[in-house]
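Single-structure report; data block below.
The values are calculated or read from the model by the stated rules, or taken from the named source; none is laboratory data. The model shown is predicted, which means the values in this text are computed figures rather than measured ones. FYI the Cβ positions are ideal-geometry reconstructions off the backbone, even for glycines, and counts take in every protein chain you see. Areas reflect the complete protein model, heavy atoms only, side chains present, ligands, DNA and RNA absent. Shrake-Rupley method; radii C 1.70, N 1.55, O 1.52, S 1.80 Å.
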Amino acid sequence: MHFLYNLAILSTQFLLKIIAFFSPKMKLFVDGRKDVFTILEQKISANDQTIWFHAASLGEYEQGLPVIEKIKDNYPTHIIVVTFFSPSGYEVRKNNTVADVTVYLPLDTQKNAKRFLELVHPDLVFFIKYEFWINYLDQLQKQNIPTYLISGIFRKKQLFFKWYGGFYRKALNTFTYFFVQNEDSKKLITQLGKTNVIVSGDTRFDRVVAILEKDNTLDFIAQFKNTKTTIVIGSSWPKDETILSEYINSCIYDVKFIIAPHNIKPEQIEQLQNSITKKTVLFSEKENKDLSKFEVFIIDTIGILTKIYSYGDIAYVGGGFGNPGVHNLLEPATFGIPIVIGPNYSHFDEAINLVEIGGSISINDSKELEIAFSTLIQNADIRYQKGEICRSFVQKNKGATNSILEKTTHKKSSK
């Protein structure tokens, strides 16, 4: 089985090089890995102590960030190495300040795994949420390196829980501890005979709680808001924007709208702007304008949505009309504002919980969107109550980072 896995990885490596000629994203995926070992050789010496974190993409990185920051504080002499699998994670966070070295993870061949660990020689390893690369895990186990899964999620459909998944189940022996998000995940992993599992919760709660302690001031957003009720639309996709622009154009209330699309390609921003009939301004064109005179503010840049949520009275989080579903609800929730989302949220525990307890409203179409927005705009009491449900939900679920830190160690010991 290991032979077939390695054959599949090598075949994939070959195919990706061909696909890279036709796909800009895949070209980043392939080209970004060419110099990884050279970078590691330049930045890490044989005498350095290191700690390695791996994130599949941007969401996993953000999820693991509270742990990365605390580990960095607790081990100030260690080099922090962060790897990404996906370009959508690496290209956005390659210049982050928390890691000393940020690179793509080389594909999971036996040769790459051995070479990577030879150069990085970590004292501790953290995989964030998921991604179980067999050759890396095999090498980590052989070298007796403490390895942890943080904010883990397990589901019945995964290979570990299939009758033919013995090859993957064996890889789980590598982990010193599994820090999982919920009891369902713990139940599944204990059914495999694992007792080294703790329900620590989701580290994203710690990250968004920490946001409250930062300076979230954006003067240009304050000028645009101008004390008026403001709806912040975050991470919207075209399917969201179709019904949102319809509502915005027909809205009879004196409210402001801020839209931060998931994709900020010029052609899509132009299409969004053209679909809105109210007075609209782009972030890229805001200079020397009296922003208070505009009704809609389109944010055609990245990196400031979290701060923008702090100015919101109501949030709409996009992605709920597509697959895999809605984006991050915790960022607006931590600021205590009610949240409206689309119908596809079943893969996200925080969305399920917030809908069930009343902090978030799920809508299926433009009519339900109109009812949800109109209710929240007109009734300040309902708006406040739902916002407090969101705020309380975040506060009650913080603490995963401390649970993880209590169980980690930099001493290499047998598992």
Complete set of residues in the stretch 228-251 that are assigned to a loop (DSSP other than H, G, I, E, B) and open to solvent by 60 Å² or more (accessible area, probe 1.4 Å) | LYS228, TRP237
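Just checking, does the stretch 7-25 include any residue being in contact with a strand residue (DSSP E or B) (Cβ under 9 Å, 6 or more places away or on another chain) and under 26 Å from ILE145 (Cα atoms)?
Checking the stretch 7-25: not a single residue is in contact with a strand residue (DSSP E or B) (Cβ under 9 Å, 6 or more places away or on another chain) and under 26 Å from ILE145 (Cα atoms).
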Out of ARG204, ARG169, ARG115, which single residue is touching a strand residue (DSSP E or B) at 6+ places or on another chain (Cβ under 8 Å) and assigned to a helix (DSSP H, G or I)?
-> ARG204
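Quick one: which residue in GLN273, GLN268 is over 25 Å from the mean Cα position of the chain (by Cα) and surrounded by 15 or more Cβ atoms within 10 Å (Cβ to Cβ)?
On the way: GLN268 fails: over 25 Å from the mean Cα position of the chain (by Cα).
Going through GLN273, GLN268 in turn, just one is over 25 Å from the mean Cα position of the chain (by Cα) and surrounded by 15 or more Cβ atoms within 10 Å (Cβ to Cβ): GLN273.
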Out of the stretch 13-48, which residues are open to solvent by 100 Å² or more (accessible area, probe 1.4 Å), assigned to a helix (DSSP H, G or I) and of a type in the set (S, T, N, Q)?
-> GLN42
Starting from residues that are open to solvent by 20 Å² or more (accessible area, probe 1.4 Å) and in a helix (DSSP H, G or I), keep the ones in the stretch 61-88 and report whichever is farthest from VAL209 (Cα to Cα).
-> SER88
Of the residues SER360, SER346, SER374, which is touching a helix residue (DSSP H, G or I) at 6+ places or on another chain (Cβ under 8 Å), in the same structural domain as GLY234 (by the TED database) and surrounded by fewer than 16 Cβ atoms within 10 Å (Cβ to Cβ)?
-> SER346
Check on LYS214, at pLDDT 95 or above, open to solvent by 80 Å² or more (accessible area, probe 1.4 Å) and assigned to a loop (DSSP other than H, G, I, E, B) = no
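Just to be sure before I move on: is PHE3 in the same structural domain as LYS111 (by the TED database) and either in contact with a Leu (Cβ under 6 Å, 6 or more places away or on another chain) or not aliphatic (A, V, I, L, M) (or both) in the structure I sent? Break it down stepwise before answering.
Working: in the same structural domain as LYS111 (by the TED database): no; either in contact with a Leu (Cβ under 6 Å, 6 or more places away or on another chain) or not aliphatic (A, V, I, L, M) (or both): yes.
The answer is no for PHE3.
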